Amino acid sequence: MNTNVTEHIIYNLSDLIMHYGILFGYSLLDIFLRCRFLKKMLGIKYRYTYLWYYLGCLFYGQMNVRFTLAGTSFGNLIYLCGCAFVLNMLLFRGNAVKTGFFTLWMYCAPEVAYGILFPLFHGLAVVNGQTHCSYTALKVIELTAYLTLYLMMELLQRNLHVLKQDFQDQDAVYLMCIIVFICAAVDLMMNLFTGIGDMNPDTVFHIAIPCSLTALWGEILSIYCVVRLEHCVVERLAKQQYQMLERHLETSRDQYYQLVKIRHDMKNHGLCLAQLLADGKAKEAERYLEQLNLHTEPGEAMIQTGSVFADALLNPKCLHARKLGIDLTVQMTVPGEEQIAPADLCCVLSNAFDNAIEACQRGMEAGGPAGWIRAISQIHHHYWIFEISNSLHTPVAWQDGAPLSSKRTTLRGVGLQNIRTVAERHGGVLDLQSKGDFTLSLMLPLTSKKSPPAS
């Protein structure tokens, strides 16, 4: 008898250990995936973020279990979202609106997925003569709902690269309203479905299938809205780049017409000099040459960086800056096209110089002096080091470690985001500093050992 009791205790104890071991392992995996997603989409503030995130989730979860702070399913969702939002604000970067969006999405997505599966399983239970789903069926539904969330998180963090960088607050509010509406509608539908008593087994699926399809379309709509937001941000960035290219083409067109004019004038000057020399009028020809203004103006020195692409881009911009009265100093050597794609090189230089010139222009518009710009770059071993500084009329506003655009107080400048994208694609380092002036420093590894000639 004692042996049977001992075996029974051991069996129950092993079953209990296995049950709680599985729950503990699942909770670790769940928190790891959530923390990993938030780290990639928002960025972390501290070391050992995973540990603090786990302890925080454990704390507010146990508080709810012990004191029953939220009794209903929707109340529990609100409680979890609120606690998770506070925790995410403490541990991760990003403003309140952006953090709130990702927090709400992570908790609402599995709720909607649960609403897709539950009516079907409940319908199967009714057909088999049961009044409700079994415990095992509910766990299967819950596990499937969270697997859906993990799959969606993986897809988002792999494909929606722009949302990590350029995310307006109004976009986040717009998406949060849609997600809350979908989640509330699915929760209301589930309450109505489960509130129907004595379902007829012959007609239960006539109710269950439309409920599941409604929740499914809600999930698809939420995913579509997020993907569509990504496309809108990409289109906005493309439009900005197109406008930049348009300005560059206009400047190049003006330079072309100027060269045509100079070529025409030089042809006439050459004919005149040739005729004077043919007539033996050497002194007259000498005086004619002295009268010609063939010297380059002091502020119009051509910039030579070692790249025809960079030269074609920078010379018009520098000429424009000097015409504005900006004190400009440029000492640059840039990689050749065999080391960095010309499109990436021009993206960095164009955005950096445009931002610097615009900063000086804002100072002049506010009644200050024209300001100054200093640009230096060189090839050091197998790295390209580029640094550009400009004067500031007013201090730069910072948020989450990045400067806010002067054009949009809730969003970082698009130009800096384009530069950051190039730096991330090449595995480089971008550093921004604002101490009296503004300095952008970029270091990019080069793909070949050949260095372009120095200017």
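If you go through region 333-358 and keep only what is under 17 Å from Gly428 (Cβ atoms), without any contact (Cβ under 8 Å) to a residue 60 or more places away in the chain, assigned to a helix (DSSP H, G or I) and aliphatic (A, V, I, L, M), you end up with Ala343, Leu345, Leu349. Each residue in region 261-308 was checked for being modelled with pLDDT of 80 or more, open to solvent by 60 Å² or more (accessible area, probe 1.4 Å) and in contact with an Asp or Glu (Cβ under 8 Å, 6 or more places away or on another chain), and 1 of them qualify. Looking at this structure, is Thr251 among the β-branched types (Val, Ile, Thr), closer than 25 Å to Met332 by Cβ, modelled with pLDDT under 70 and assigned to a loop (DSSP other than H, G, I, E, B)? No. Per the conditions (1) modelled with pLDDT of 85 or more; (2) under 22 Å from Asp311 (Cβ atoms); (3) in contact with an Asp or Glu (Cβ under 7 Å, 6 or more places away or on another chain), the sole criterion not satisfied by Gly415 is (1).
Just one of the listed residues (Leu90, Leu29, Leu69) is farther than 28 Å from Val186 by Cβ, open to solvent by 40 Å² or more (accessible area, probe 1.4 Å) and aliphatic (A, V, I, L, M), namely Leu90.
The residue that is modelled with the lowest pLDDT, among those in region 172-193 that are over 35 Å from the mean Cα position of the chain (by Cα) and surrounded by 13 or more Cβ atoms within 10 Å (Cβ to Cβ), is Phe193. Scan region 374-411 for residues that are outside any strand (DSSP E or B) and at pLDDT 90 or above and the total you get is 0.
Test of understanding: among Asp198, Asp169, which residue is modelled with pLDDT under 80, open to solvent by 60 Å² or more (accessible area, probe 1.4 Å) and not hydrophobic (A, V, I, L, M, F, W, C)? Only one candidate passes the filter, namely Asp198. Among the residues of region 309-328, the ones that are in a strand (DSSP E or B) and either open to solvent by less than 50 Å² (accessible area, probe 1.4 Å) or at pLDDT below 85 (or both) come to 1 in all.
I'd like to verify a number: residues in region 355-377 that are under 30 Å from Pro445 (Cα atoms) and open to solvent by 20 Å² or more (accessible area, probe 1.4 Å), how many?
5
For region 343-352, the candidate set comprises residues that are open to solvent by less than 10 Å² (accessible area, probe 1.4 Å) and farther than 17 Å from Gln378 by Cβ; within that set, the residue that is nearest to the chain's Cα centre (by Cα) is Asn351. Residues in region 114-124 include none that are within 30 Å of Lys45 (Cα to Cα), among the aliphatic types (A, V, I, L, M) and touching a residue at least 60 places away in the same chain (Cβ under 8 Å). So for region 137-159 (the condition being at pLDDT below 80, closer than 30 Å to Arg425 by Cβ, open to solvent by less than 30 Å² (accessible area, probe 1.4 Å) and in contact with a helix residue (DSSP H, G or I) (Cβ under 8 Å, 6 or more places away or on another chain)), does at least one residue qualify? Looking through region 137-159, at least one residue is at pLDDT below 80, closer than 30 Å to Arg425 by Cβ, open to solvent by less than 30 Å² (accessible area, probe 1.4 Å) and in contact with a helix residue (DSSP H, G or I) (Cβ under 8 Å, 6 or more places away or on another chain). Does Ile220 fit the bill of being in contact (Cβ under 8 Å) with a residue 60 or more places away in the chain, open to solvent by 60 Å² or more (accessible area, probe 1.4 Å) and closer than 30 Å to Val126 by Cα? Criteria not met by Ile220.
Only residues that are in contact (Cβ under 8 Å) with a residue 60 or more places away in the chain and either under 36 Å from the mean Cα position of the chain (by Cα) or under 17 Å from Ala184 (Cα atoms) (or both) were counted across region 198-213, and they come to 2. Of note, Ile340 does not satisfy the criterion of being of a type in the set (Val, Ile, Thr), at negative phi and over 24 Å from the mean Cα position of the chain (by Cα). I'd like to check something: does region 426-448 contain any residue that is more than 30 Å from Ala172 (Cβ to Cβ), of a type in the set (Asp, Glu), open to solvent by less than 60 Å² (accessible area, probe 1.4 Å) and modelled with pLDDT of 85 or more? Yes: region 426-448 contains one or more residues that are more than 30 Å from Ala172 (Cβ to Cβ), of a type in the set (Asp, Glu), open to solvent by less than 60 Å² (accessible area, probe 1.4 Å) and modelled with pLDDT of 85 or more.
The values are calculated or read from the model by the stated rules, or taken from the named source; none is laboratory data. Worth saying up front: this structure is predicted, and the values here are computed from it rather than measured. No Cβ is skipped: glycine too gets one built from the backbone with ideal geometry, and neighbour counts run over all protein chains shown. Each accessible area value is taken on the protein alone, full model and side chains, heavy atoms only, with ligands, DNA and RNA left out. Shrake-Rupley method; radii C 1.70, N 1.55, O 1.52, S 1.80 Å.
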